[in-house]
Amino acid sequence: MTRASGGAAVFLRGTARENAEVLGVPRWIVAVAAVGALFIVLPIVGMTARVDWANFGALVTSPSAIAALLLSLRTATASTALCLLLGVPMAVVLARSRFRGQRFVRAFVLLPLVLPPVVGGIALLSTFGRRGLLGQTFEVLGIQIAFSTTAVALAQAFVALPFLVLSVEATLRASGARYEAVAATLGAAPNTVFWRVTLPLVVPGLVSGAVLAFARALGEFGATLTFAGSLEGVTRTLPLEIYLQRETDPDAAVALALVLVVVAVVVMVATHRPRGLS
């Protein structure tokens, strides 16, 4: 084990021991949790150890790398906004209403969680491609979605949307409907109840879901490649750039992979803070 991984293991054991003393968690659970944490941390440590630090700056500031990173950030932001627009109403309907076939509707909403991303890309291409279900109509109108930057955002939103729906729905179910019931009893209209009561209740879940959706969109690969292709500056996101560089320049691929990890960690740490932590 390297010095970095050994230090990480000591830190995790020390932190876990302190928390266990406060919460009364059995030691065997702490040990298994530490193994699980190392399972996540050690591959990142191993990748970091392979980075060519002497040429790191040149590897991550090439024109293709910068273009791919900026495109990833731009499309991930757009797809997260689309997830918020569609996901919040979906979560409210699933959490606050009862209708026939609801279990099947929920299963289809969460289907992208278990589908291989490439299958999602094929489904999107079959719908929005030039010969797709809706793509033929768009083609007549002079609108081409497949293999465009719009296709990247749609592919990312397709795989990221369930994360937002799950987070918001869980928050709604945990909070209960008593406040909304009181507001309705006092004469508030459904729109007023939603904007003044329901939406403020789901803010924590909304933030968590948006962060998860953004992170998932940032790392999307399979659906993007299948539905949008890999055109530099147009559809080649950072994960696609890393994949291509892996074959021609492994050092650049490792350096760019570390950049993607750092960006994802910064986003998660800056915007996702569990209650009770400072």
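Laboratory data are not the source of any read-out in this text; all were calculated from the coordinates shown. As the structure is a prediction and not an experimental result, all values here were calculated from the model. Glycine also receives a Cβ, built like all others from the backbone with ideal geometry; neighbour counts cover every protein chain displayed.
Each part gets one Cα centre, and for region 211-226 versus region 45-90 those centres are 10 Å apart.
Dipole size of region 54-271 about its Cα centre, with +1 on Lys/Arg Cβ and -1 on Asp/Glu Cβ: approximately 1020 debye, rounded to the nearest 20. In this structure, the amide hydrogen of Val51, modeled 1.01 Å from its nitrogen in the peptide plane, lies closer than 5 angstrom to no residue at least 5 positions away or on a different chain. Summing charges over all other residues whose Cβ lies under 12 Å from the Cβ of Gly209, with Lys and Arg as +1 and Asp and Glu as -1, gives 0. Near Leu231, the amide H atoms lying under 5 Å from its own belong to Arg236; only residues 5 or more places off or on other chains count, and H is placed 1.01 Å from N. Couplings for region 64-80, taken from phi via the Karplus curve 6.51 cos²θ - 1.76 cosθ + 1.60 with θ = phi - 60°, read 5, 5, 4, 4, 5, 5, 5, 5, 4, 5, 5, 6, 5, 5, 5, 5, 5 Hz in order; Gly and Pro are left as x. Between Ala49 and Ala188, the simple label model (points 7 Å from Cα in the Cβ direction) yields a spacing of 5.6 nm.
Checking (1) 19.7; (2) 14.1; (3) 21.2 against mean projected area of the Cα convex hull in nm² calculated from these atoms, the matching label is (1).
Each other residue within a Cβ distance under 15 Å of Leu73 adds +1 if Lys or Arg and -1 if Asp or Glu, for a net charge of +1. Below 8 Å between Cα atoms, with a sequence gap of 6+, how large is the relative contact order for region 54-271 in percent? Relative contact order of region 54-271: 33 percent. The HN-Hα couplings worked out from phi for region 84-101 by the Karplus form 6.51 cos²θ - 1.76 cosθ + 1.60 (θ = phi - 60°) are 5, 4, 8, x, 4, x, 4, 5, 5, 4, 5, 8, 10, 9, 10, 8, 5, x Hz, whole numbers, x standing for Gly and Pro. Here the Karplus curve 6.51 cos²θ - 1.76 cosθ + 1.60, taken at θ = phi - 60°, turns the phi angles of region 196-205 into couplings of 9, 10, 4, 4, x, 5, 9, 4, x, x Hz, with x standing for Gly and Pro.
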